[in-house]
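Remarks on the structure that follows.
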Amino acid sequence: MNIIETSNLTKTYAGFTAVSGVNLHIPRGTVYGFLGPNGAGKSTTMKMFLGLTKPTKGDFVIDGKKFPQDRIRILKEVGSFIEAPAFYGNLTGEENLDIVRRIIGLPKSSVDDALELVGLTQWRKRLARKYSLGMKQRLGLASALIGRPPILILDEPTNGLDPVGIHEIRSLIRSLPEKFNCTVLVSSHLLPEIELMADNIGILNHGRLLFEGTLEELRRRAQAKGFPAENLEETFLALIEEDNMQRNHIR
Amino acid sequence: MNISGEYKKIKRTGILPGVFAGGILAASIPILELAVRSEQYTGLVQSPLQTILEADWQMMAMLNMLLVITASCMLYHTEYADHAIQRITTLPIREEAVFIGKFLLMTGLSIAALVMEMLSLIFCTLHWFGGEGGAYETCYGEISAGAYLEFIKDLAADFAYCLGMLIPVILLSLLIASAWKNMWIALGIDVVCVFMATIIPERYFALSIFPFALPFRILEGVSADRAVDYLIAAAAEAMIIGAAEMIFMKVRRALA
């Protein structure tokens, strides 16, 4: 059963189409990798899910709730981390999470829980503006994870982390469906990263969904088309290149 | 959440000590004035509150407004500086609720500053006008509980009137601060508005109800009709500015 479904989702900005007729199907209790080069429309799609930007055409359903009429109800179920870490620089990591906790209406213990999950407990009393980029990223993740929401939308969550941090966060994301019975939509422009985390993937290029399915299905599709299938990064690049060539040809 | 949440957000911004210092500074104006040249005022046969407010309220009101616009800009600067507002808008809370929370907080801070100023008025009245045969006695009768009650009633009316005149400024400065991510643009606009208000002639009612000109108005020495006119104008402006902010947020969300 799908927890998130989009139907012909489109977003156009003054003549430029960021997302074009996307039909996503994100199964409940899985990690869904949203893959695409920079500017493919991943962040725009995620922003639409959170009501930060309005779809020009099409619609979507999140856990049976429709946007825009159920926006607040949708947001109650979604933990998110979009683009860059967002925080109050004048507050400590702990105080930042406490603000989020109060808005969502969670118990005080949820702050400690979220800090523990991302490994920030030690730096809880430090001002967020004094955090390193990696720590800010972790704070953003903690803010998304607080209260263990059933749906997580994470936009390039490992940006700015060192290799150890990347590994830790990747393992954490991978374990979330099993641990907390949640669904994770995670974007990245790096296939190897998604490969290690996701059960299903969606590949986006220039706002269009090129592929949706499991990694195995992607391999099979690549083989059928004569693309390299052993190395998924090459498969991904071949798919993107083919789409770019088709677009140039149409022009 | 609302007001307590907004209060938590201003930690370490300097807003609270700023309001406290600003309130003390404004409160010290009549004390300093009377300490230096009390003889110019103590002989006047009118309410001591009228004497003090006519002499010093312009400067006190200017300080109050500068306090309000600076604090408003800082309140929204904390939201925009590290993109906190982006996280807040992805939480189950309406942006309108954030604005209302900030308005309530700002009103609370303004009340705190005004209370300090009113305490200073009490001190000045009793110290310089409370002597035997002084303006206090002329106005309220011999020092007694009844006279004191009358004085406090007048003071409370002045306080409420000043607060009422300040509400449109609080709303408008918050609206301006919410519209610009760059705090300096909002602050610049506010400062221009404050200085524009100082050159507006009082005799033209339509001009004198410019939101940033209202806080200069006092209840003392003004006819009841005119005072009510200004109160109605302030209430109407508060409603219009509040509605404008709600529309602005809806439009901004739709255009995002």
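Throughout, read-outs are computed from the coordinates displayed, never taken from laboratory work. Predicted model only: the values in this text are computed from it and were never measured. Ideal geometry is used to build each Cβ from the backbone, glycine not excepted, and the neighbour counts take in all protein chains shown.
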Cα gyration tensor shape of segment B:178-254, rounded if a/c is under 1.5, else prolate or oblate by comparing a/b with b/c: oblate
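Could you list B:LEU207, A:LEU106 in order of exposure, starting from the residue whose Cβ has the fewest other Cβ atoms within 10 Å? Mind showing how you got there, number by number?
On the way: B:LEU207 13, A:LEU106 18.
The order, fewest Cβ neighbours first, is B:LEU207, A:LEU106.
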Averaged over B:78-85, number of beta-carbon atoms from partner chains that fall within 10 Å: 6
Leading residue at positive end of dipole, segment B:65-174 (Cβ point charges), from B:PHE99, B:GLY133, B:LEU155: B:PHE99
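Rounded to a whole number of µm²/s, how large is the Stokes-Einstein D of segment B:2-255 at 4 °C and 1.567 mPa s, given Rh as the Kirkwood radius over C-alpha pairs? Before the final figure, lay out the partial values.
On the way: Rh = 19.4 Å.
Here the translational diffusion coefficient equals 67 µm²/s.
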Whole-number Å³ per residue for the convex hull built on Cα positions in chain A: 131 Å³
Residue among A:GLY140, A:PHE87, A:MET197 farthest towards the positive dipole end of chain A, charges placed on Cβ: A:PHE87
Gyration tensor (Cα) of segment A:178-228, equivalent ellipsoid semi-axes in angstrom: 22, 14, 10
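Given R₀ = 25 Å, what would the calculated FRET efficiency be for B:ALA224 paired with B:PHE248, taking r from the Cβ atoms and rounding to 0.05? Please report the intermediate quantities before stating the final value.
Values: r = 36 Å, r/R0 = 1.43.
Computed FRET efficiency for B:ALA224 and B:PHE248 comes out at 0.10.
Given Cα pairs under 8 Å that are at least 6 residues apart, what percent is the relative contact order of segment B:2-255? Provide the component values of the computation, followed by the final result.
Details: 268 pairs, mean separation 69.9, N = 254.
Across segment B:2-255, relative contact order equals 28 percent.
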Nearby lysines by direct alpha-carbon distance to A:LYS179 (threshold 22 angstrom, same-chain neighbours under 8 apart not counted): A:LYS76, A:LYS108
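At most 15 other Cβ atoms within 10 Å and a DSSP loop assignment: could you name the trypsin sites (Lys or Arg not before Pro) in segment A:1-64 that fit?
Taking segment A:1-64 and a limit of 15 other Cβ atoms within 10 Å, the loop trypsin sites (Lys or Arg not before Pro) found are A:ARG28.
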Residue order, fewest to most surrounding Cβ atoms within 10 angstrom, among B:ASP225, B:ASP56, A:ASP199: B:ASP225, A:ASP199, B:ASP56
Sites A:LYS76 and B:ALA179 - FRET efficiency at Förster radius 30 Å, r taken between beta-carbons, to 0.05: 0.60
Charge dipole magnitude, Cβ of K and R +1, D and E -1 - segment A:24-170, Cα centre, debye nearest 20: 360 debye
Residues A:ILE62, A:ILE99, sorted so that the one with the fewest Cβ neighbours within 10 Å comes first: A:ILE99, A:ILE62
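Among the trypsin sites (Lys or Arg not before Pro) in segment B:175-256, which ones are in a DSSP loop with at most 11 other Cβ atoms within 10 Å of the Cβ? Mind listing them?
Numbers: sites: B:LYS181, B:ARG203, B:ARG217, B:ARG226, B:LYS250, B:ARG252, B:ARG253; in loops: B:LYS181, B:ARG203, B:ARG217.
Filter output for segment B:175-256: B:ARG203.
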Nonlocal amide H pairs with A:VAL31, under 5 Å, H built at 1.01 Å: A:VAL184, A:ASP199, A:ASN200
Charge dipole magnitude, Cβ of K and R +1, D and E -1 - the protein assembly as shown, Cα centre, debye nearest 20: 1680 debye
Lysine pairs in segment B:2-255 with Cα atoms under 23 Å, if 8 or more residues apart or on separate chains: 9
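What average count of beta carbons from other chains do you get within 10 Å of the Cβ of residues in A:121-130? Intermediate results must be reported in sequence, preceding the final value.
Numbers: counts 0, 0, 0, 0, 0, 0, 1, 2, 3, 0.
So the per-residue partner count for this stretch is 1.
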Per-residue average of Cβ from other chains inside 10 Å of A:98-106: 4
Options B:MET65, B:LEU34, B:ALA55, ranked by Cα towards positive dipole end of segment B:1-116, top entry (Cβ charges): B:MET65
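Distances over 46 Å make up what percent of all Cα-Cα pairs in the protein assembly as shown?
Summing the P(r) tail past 46 Å for the protein assembly as shown gives 30 percent.
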Extended-chain gain in nm, criterion 0.36 nm per residue less alpha-carbon gap, A:GLU5 and A:GLU116: 36.8 nm
Cβ-placed point charges (K, R +1; D, E -1), dipole of segment B:2-255 about Cα centre in debye, nearest 20: 1460 debye
